[in-house]
Amino acid sequence: MDGFLSVLDNALTLFSETLLGESKGSYEEPKYVQDTIPITKVYEDGVFEHGKNLFSKTFCFSDVNYALLKREAKEKVFLKYEELLNSFDTQVKAKLTICNHRLNKASLKNCVLFPYAKDALDLFRTEKNEMIENTIQKKNAITQDKYLTVMVNKQDIEDARIYFKNLGVELISHFDTMGSECRAVLLKERLRILHDFYRAGEEETFCSNILSKVEHGEDVRDYICPYTMEWKKDYFKLGSRYGRVLFLKEYAAFIKDYMLSELTDLNQSLMLSIDIEPVAVDQAIKEAENRLLGIETNITNWQRRQNQNNNFSATVPYELEQQKQEMKEFLDDLTTRDQKMMSVLLTLVHTADTKEQLDSDTESLLLTARRHTCKLSILKYQQLEGLNTALPFGMKEISAKRTLTTESLAVLMPFRTKDIFYPGGTYHGQNVISKNSIVVDRKALMNGNSFILGVSGSGKSFMAKDEITSLYLKGDNDVIIIDPEREYSQLVTALGGEVVTISAASNNH
């Protein structure tokens, strides 16, 4: 990230509001818990209405293996992501959300474990299930979803639907160039995202026929909000769980593209959101030119004061020269490098079972930010507003933002690694980066063929035998082995198969 942004942030007062400080006073508790959720009306296609002709829609996009790419491939993804950010119109407010939520281990086991068939092979199924269960207990219990929520001001729902339909086509095209799949989130799924956050640990209580509730005019907020909410100075409670909202207060001059990955690597439920508001190019250029003129005026006044003191050889202070150079670079970015000015806010909400665990997780997040020379701060007396900002509603209810260029914003890369999980598939170990299970169903793939490569003694034969065993124990697969080395005979015999020996000395030719 370019160093001039730190100076620009102080310079462009038109677009950068004063960062939050500690407010005086305390919360006024809402009369009803539902009033804390900023939704006035919902529609079956997933559009939310927030009052005052404000409409929002959420799109889900898949992850890509960005962390495993080489430098050249990473640069291509970076440029494509920058194009996506540049495509946002100035009339929209976009929110990029990374959602960590706990896996339902019971459901995971049902998808991965081998069903018993009450035959002689149940002994092997028991042993395989025990191995898988032990692995699942030790592994990361968090899965990650990524969303893009867009809010727009339209006259009515029909105008909003037309806009979101056209926007969806563009987003699908942009994400496809990065190897990511994008799709619109419908009402039931969008409400489920909120329900699973508000009622973590009670995911199975989600109302399956919530669409019929909407049709009968019932308030859907009754089915997603927690039973109680308590708002404190620097944290909140959702039922029996504790939560806290933080925001990125200070940005480093240079940020690594894996900073978001480290912030969201916490083994707890959390949501990290980046609010993006594009600024019109002509307005941005005009303000940058005015600021550049102001810096040049400061330099001229400084030189005049030096001349009045008969100091004709004094050089302009480094700070003023640096401000002038960086402002020129910024103006050049806007006029010749197809950069846009973006008003950006990064918020993060995380939850825990106990207050002690919440404080420990908060300290870990603050330490991670400091490691990248950034500063995360806790919102004081604005936890409710921060929560509504961090969740994928599309709202931004706190006044703490930073001015960035498109290129600087693109450094906050949301991609990390792609998890492979097919319900009913075969367990193949765990992802090295995310620590999540790799479950593959060959029948669901476009091409289910595979081959195993490795040096001698690395375990190629064992991997093949393990997969053969897993496929056969599922009970609906036929396995044919061509075995010139005759190393699979014992496995086939143990599984109750038939060994056909073909040689000059056998009865089979």
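The values are calculated or read from the model by the stated rules, or taken from the named source; none is laboratory data. The structure presented is a predicted model; accordingly, all values stated were derived computationally and were not measured. Backbone-built Cβ (ideal geometry, glycine too); neighbour counts: all protein chains shown. Side chains included, ligands, DNA and RNA excluded: accessible areas come from the protein's heavy atoms. Shrake-Rupley method; radii C 1.70, N 1.55, O 1.52, S 1.80 Å.
State all residues of region 451-470 that are open to solvent by 50 Å² or more (accessible area, probe 1.4 Å) and either under 19 Å from residue 119 (Cα atoms) or among the hydroxyl-bearing types (Ser, Thr, Tyr) (or both); if no residue qualifies, say none.
Answer for region 451-470, where residues must be open to solvent by 50 Å² or more (accessible area, probe 1.4 Å) and either under 19 Å from residue 119 (Cα atoms) or among the hydroxyl-bearing types (Ser, Thr, Tyr) (or both): 456, 458.
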Pairs where the first residue, in region 63-81, is within 11 Å of residue 179 (Cα to Cα) and the second is of a type in the set (Lys, Arg) and surrounded by 13 or more Cβ atoms within 10 Å (Cβ to Cβ), C-beta under 8 Å, 6+ apart: 63/146; 63/416; 63/418; 64/418; 65/418; 66/74; 66/416
Given the conditions (1) under 16 Å from the mean Cα position of the chain (by Cα); (2) within 22 Å of residue 418 (Cβ to Cβ), report the number of the one that residue 94 does not fulfil. (2)
Residue 73 passes all but one of the listed conditions (1) farther than 30 Å from residue 210 by Cβ; (2) modelled with pLDDT of 90 or more; (3) among the hydrophobic types (A, V, I, L, M, F, W, C); (4) surrounded by 19 or more Cβ atoms within 10 Å (Cβ to Cβ); the exception is number (4)
Residue 353 vs. criteria modelled with pLDDT of 80 or more, over 21 Å from the mean Cα position of the chain (by Cα) and open to solvent by 60 Å² or more (accessible area, probe 1.4 Å): yes
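So which residues in region 115-129 are assigned to a helix (DSSP H, G or I) and either open to solvent by 100 Å² or more (accessible area, probe 1.4 Å) or over 23 Å from residue 493 (Cβ atoms) (or both)?
Once the filter is applied, which keeps residues that are assigned to a helix (DSSP H, G or I) and either open to solvent by 100 Å² or more (accessible area, probe 1.4 Å) or over 23 Å from residue 493 (Cβ atoms) (or both), region 115-129 yields 123, 127.
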Mind listing whichever residues of region 302-335 are of a type outside the set (D, E, K, R) and under 27 Å from residue 280 (Cα atoms)? 322, 323, 325, 327, 330, 331, 334, 335
I'm told residue 81 meets every condition in (1) out of contact with any Gly (no Cβ under 8 Å at 6 or more places or on another chain); (2) open to solvent by less than 50 Å² (accessible area, probe 1.4 Å); (3) closer than 30 Å to residue 471 by Cβ except one. Can you identify the failing condition by its number? (3)
Selection count where residues are open to solvent by 20 Å² or more (accessible area, probe 1.4 Å) and either among the hydrophobic types (A, V, I, L, M, F, W, C) or more than 18 Å from residue 277 (Cβ to Cβ) (or both), scope region 148-166: 9
From the set of residues in region 362-406 that are assigned to a helix (DSSP H, G or I), out of contact with any Lys or Arg (no Cβ under 8 Å at 6 or more places or on another chain) and of a type outside the set (A, V, I, L, M), which is farthest from residue 34 (Cα to Cα)? 371
